Amino acid sequence: MQPIIINAGCGPTGPDRLPQMFASWRHVRVDVDPEVRPDVVADITDLSPFNDNFADALWTAHCVEHLYQHQVVSALQGFLRILKPEGYAIVTVPDVQTIAKYVVEDKLHETIYDSPAGPISAHDVIFGHSRSVEQGNLHMAHRTAFTPSSLIDALQTAGFADFVISRRPNFELVAIGRKTPWPDTHQRQALLNALML
């Protein structure tokens, strides 16, 4: 049977939305914005369209920071509910701790990198993509932020049994939370290698 991955907060379709390791998996795209034509229109705080133990994995990239702080653990608990017992969630968020250096250096609005959406500043990383918000896409506003320890705390509070976190060079934190403990370190390392973490 083909494994299932949920892409929560999928955004528009594109060839590089998920890592190559998921190419042969069944993808279920979920987004609050019907304009991006997801398979399921839903907010990541309410995944009630899915049964318990539905998916082998859940991918969410640059989505959880759009929630209010008080919604984060509840959303992660929803992820946990729909994962199979051996399932895992891959959560990517901006690394506000790394971005803070630009604020301290008074470079809040200077370009720190270029993205397909255009130049990105520390302000964009902290508060959400300014141009998108200006154009009325309020879903792009950031309402919370994460450091490595706050992301781990959220996963732990939500009930994930095992987790690992990686700081990426592009101002990102990537956490993998597993519903049940890894049976051995080899499986965990194989996943980390496949994700290039």
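Things to note:
- Residue within segment 14-29 that is closer than 22 Å to Gln71 by Cβ and without any contact (Cβ under 8 Å) to a residue 24 or more places away in the chain present: yes
- Within segment 169-186, considering residues that are at pLDDT 90 or above and more than 17 Å from Pro85 (Cα to Cα), the one farthest from the chain's Cα centre (by Cα): Phe171
- Enumeration of residues in segment 121-165 that are over 18 Å from the mean Cα position of the chain (by Cα) and among the hydroxyl-bearing types (Ser, Thr, Tyr): Ser121, Ser130, Ser132
- Single condition Leu58 does not satisfy, out of (1) surrounded by fewer than 21 Cβ atoms within 10 Å (Cβ to Cβ); (2) free of Cβ contacts under 8 Å to residues at least 60 places away in the same chain: (1)
- On inspection, Asn7 qualifies as part of a strand (DSSP E or B) and among the polar types (S, T, N, Q).
- Qualifying residue in segment 24-45 (condition: loosely packed, with under 13 Cβ neighbours inside 10 Å, at pLDDT 95 or above and within 22 Å of Phe160 (Cβ to Cβ)): no
- Qualifying position, being modelled with pLDDT of 95 or more and over 30 Å from His123 (Cα atoms), among Ala75, Ala57: Ala57
- For the residues Ala158, Ala194, Ala141, Ala117, the requirement of being in contact (Cβ under 8 Å) with a residue 40 or more places away in the chain, of a type in the set (A, V, I, L, M) and within 24 Å of Asp33 (Cβ to Cβ) singles out Ala141.
Residue-wise test of (1) part of a helix (DSSP H, G or I); (2) of a type outside the set (Gly, Ala, Ser).
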site: Ser48; (1), (2): no, no
site: Trp59; (1), (2): no, yes
site: Gln71; (1), (2): yes, yes
site: Ala75; (1), (2): yes, no
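- Matching residues, segment 92-112, being of a type in the set (Val, Ile, Thr), under 21 Å from Pro148 (Cβ atoms) and without any contact (Cβ under 8 Å) to a residue 60 or more places away in the chain: Val96, Val103, Val104, Ile112
- Of the residues making up segment 151-168, those that are modelled with pLDDT of 95 or more and small (Gly, Ala, Ser) are Ala154, Ala158, Gly159, Ala161.
The values are calculated or read from the model by the stated rules, or taken from the named source; none is laboratory data. Note that the structure is predicted; figures quoted are calculated from it, not measured. Please note: Cβ atoms are built from the backbone with ideal geometry, for glycine as well, and neighbour counts cover all protein chains shown.
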